[in-house]
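J.: I am attaching a structure below and will ask some questions about it afterwards.
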Amino acid sequence: MAIELGTKAHEGQLRYSGEPYIVHPLAVADILVEMGMDCDTVVAAILHDVLEDTQIDESEIRLKFGDSVLRLVQGVTKLASIHFSSKEQEQAENFRKMFVAMASDVRVVLIKLADRLHNMRTVASLPTQERRLRMAQETIEIYAPLASRLGISHIKQELEDLYLKTAKPTEFANLKRKFASKISSRKDIVNSIVDEINVMLTQQGLHAEVSGRPKHFYSIYKKMVGQQKDFDQIFDLTAIRIIVADVKDCYNVLGIVHHAWTPMPGRFKDYINLPKANNYQSLHTTVMTEYGMPFEIQIRTLDMHKVAEYGIAAHWKYKEKLNTKIDDKMGLLRQVVEANSDAQSSHEFFESFKKDFFADRIFVFTPQGDVVELPQGSTPVDFAYSVHSAVGNKCVGAKVNSKIVQLDAVLSTGDYVEIITQSNAKGPSRDWLRFVKSSQAKSKIRSFFKREMKEENILRGKEMLDVECRSRGISWANICLPKNIESVMVRQGINTLDDLYATVGYGGLTAVQIVAKLQELLREQTVPTEPKILKATTNKKLSGDAILIRGQSDLLVSLSKCCKPVPGDDIVGFISRGKGVAVHRISCPNLKGVEQYRLIEAEWNNNKDGGFVANIQIEAKNSDSLVVKISTIASENKLPIRHINLRQHKDTAIVVLGVQVNDAAQATQIISRIESLKEVRTVYRI
Ligand code: MN
């Protein structure tokens with residue numbers, strides 16, 4: 001009935017070869033019959049082009065052949081509407097995924113593969129070289145890998161060889177010629193090896209089917225290109241295949257073969273224990289023979305062989321139970337071939353195959369015809385961000401299949417999506433975060449807001465830290481020792497001081513956390529008691545030139561090296577052992593916890609001036625001109641520089657500047673000048 005309908009429908013249509021069109025669907029059906037496919041598949045194959053190319057409509061097919069055949073024909077017709085644009089590898093993979101995603105039934109894919117196989121067998125009759133090449137390219141990028149993924153190796157190999165013949169005719173002809181001469185000279189050798197193996201196995205009481213099989217051209221070609229070898233350097237033109245009764249025998253035969261000939265190192269592969277992704281199972285080994293050339297030997301059971309040749313189609317080809325010993329995780333195919341109910345199990349296999357191929361993904365087209373992969377439920381906004389963050393940020397509307405849609409519309413596989421952008425768009429909306437599905441879009445939208453807000457957050461963060469410090473009676477400048485700040489930043493994975501401020505500003509970290517941690521670090525570095533200063537009870541006396549020390553007249557007075565007091569600072573004397581009095585600033589952390597009887601009141605002699613060094617630490621964004629700018633400020637303030645030291649770490653520069661001042665006011669002045677430099681983050685006296 002199908003042949004009758006098909007012949008009538010295609011009547012008058014001719015193929016490029018000049019034959020009546022019906023020759024093609026019949027040939028496709030023939031390929032599927034050979035594969036052992038069911039009646040519905042074969043009928044659908046005969047009718048696979050009628051919906052697209054003839055007057056026959058769906059209701060006629062449903063009426064004559066039922067829903068199942070109609071769905072198969074519709075599936076094949078739908079796939080015909082995908083036009084592959086051959087670009088990068090990545091695009092090919094996406095097209096393959098889209099192809100599988102659009103096929104509702106694995107039999108649709110099988111019909112499509114058979115259709116492509118016949119079209120490639122007759123590719124020479126296409127009118128232009130350009131069309132022949134396009135067909136060949138599509139075949140090698142989309143269809144051969146698909147056949148491989150479904151485990152249908154005989155179709156995969158034929159498609160690959162047809163590609164080579166069409167796209168690389170010179171290489172193919174050379175290969176064929178060399179191959180033919182070599183094979184005929186090797187025929188005797190192959191036969192001798194097959195005989196030898198047969199004898200050895202019979203002696204051990206093993207039954208096996210041994211054959212020598214030429215490898216297909218494309219695999220040899222790939223080896224020559226991939227390993228940059230000459231044809232003469234490729235040895236395994238023929239594989240010896242040994243098919244045995246069970247898995248135990250596979251390993252027995254392997255032992256016998258390895259005993260007779262020396263295995264080549266690195267060439268043994270156990271695909272029985274570790275099947276390929278398409279469930280291919282076999283033992284592979286290459287041995288050196290007495291004929292001076294290596295041979296590849298493949299050992300497998302009959303069930304494994306059926307799966308190896310027919311893959312997913314083995315289910316239809318071999319209705320009887322196949323008993324392959326596959327690890328359960330890898331055993332999808334086994335479940336298919338062992339199951340009793342046809343349609344159900346192959347459907348399940350196909351569904352899990354699809355999940356494996358792309359877990360809950362959809363595939364949509366760009367206006368240029370590229371395929372974009374997105375998570376299920378994605379919207380035009382997800383699409384826009386997957387193209388480029390700039391497209392996302394400037395997106396103001398979208399069209400799906402040429403119709404304007406809402407930005408939160410859900411896309412489906414096969415949609416053509418076009419984003420409308422406006423160069424003055426004010427950026428994404430926070431609402432978008434509620435409906436986008438891809439993590440890419442989410443993080444790009446978030447980072448847009450983070451970046452926009454950063455300046456604001458830095459200021460807010462600084463202020464929050466300041467307020468927190470003041471509430472504890474301390475100052476930020478005093479607790480933010482570079483070493484401690486750095487350890488806090490490393491712990492939080494923050495790179496720059498600005499980022500730290502910004503993180504506090506937008507609430508990623510609290511000011512309390514940071515201040516408490518810095519105080520804790522500071523406490524760990526000092527002894528935890530506060531100094532108490534002896535009050536002056538007697539007359540102050542002049543000691544040294546610049547500092548008045550209570551009571552004592554003949555003490556050696558020096559300025560401490562650690563906090564470098566200058567006139568105007570609150571100071572205190574520390575009576576050191578045998579070294580007189582060291583004058584510190586009252587806030588100096590080194591005084592915390594010292595014995596209080598050793599502290600002595602001190603004050604500045606206001607009549608004296610000159611010669612004090614203030615050490616100032618500057619933390620800034622790394623810049624080449626930083627030191628120049630700082631030294632310029634010092635000389636503009638007429639403060640001689642005693643030393644200046646620059647340390648750089650990633651994008652941070654830390655400058656320690658020693659300037660000669662008369663009093664603390666001069667130090668404060670230069671600090672505020674330096675603070676106003678745009679790259680400077682913090683400035684404080686050490
Ligand atoms: Mn066709």
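FYI, it's all coordinate maths here, none of it is from the lab. Just so you know, these numbers come straight off a predicted model, no measurement behind them. Counting neighbours? That spans all protein chains shown, and the Cβs are built from the backbone with ideal geometry, glycine included.
J.: Determine ³J(HN,Hα), in whole Hz, for all residues of the range 71-77 in sequence, where each value follows from phi through the Karplus function 6.51 cos²θ - 1.76 cosθ + 1.60 and θ = phi - 60°; x replaces Gly and Pro.
T.: Those phi angles translate into 4, 5, 5, 4, x, 5, 5 Hz.
J.: Separate question: Under 18 Å Cα-Cα from Lys638, which aspartates and glutamates qualify once same-chain neighbours fewer than 8 residues away are excluded?
T.: Asp609, Asp663, Glu675
J.: Then there's this: With r defined as the distance between the Cβ atoms of Lys229 and Ser443 and R0 fixed at 41 Å, what FRET efficiency is calculated, to the nearest 0.05?
T.: Using R0 = 41 Å, I get an efficiency of 0.35.
J.: Can you compute the modelled spin-label distance between Arg62 and Val396, with each label point 7 Å from Cα toward Cβ, in nm?
T.: Once both label points are built, they end up 4.5 nm from each other.
J.: Next question, about the same structure. For a label point 7 Å from the Cα of Gln422 along Cα→C-beta, name the residues of the range 429-472 whose backbone N is under 19 Å from it.
T.: Backbone N within reach: 429-433.
J.: May I ask you to order 493-499, 36-42, 419-425 by the average number of other C-beta atoms within 10 Å around their residues, highest value first?
T.: Answer by packing, highest mean first, reads 36-42, 493-499, 419-425.
J.: Could you list which residues have their amide H under 5 Å from that of Ile547, counting only those 5 or more apart in sequence or on another chain, with H placed in the peptide plane?
T.: Asn605
J.: State the extension gain, in nm to one decimal, for the chain segment bounded by Lys483 and Glu452, taking 0.36 nm per residue of separation less the distance between their alpha-carbons.
T.: Gain on stretching Lys483 to Glu452: 8.2 nm.
J.: Given R₀ = 22 Å, FRET efficiency for His259-Thr202 by Cβ-Cβ distance, to 0.05? Display every interim value, and only then the final one.
T.: Numbers: r = 15 Å, r/R0 = 0.70.
Computed FRET efficiency for His259 and Thr202: 0.90.
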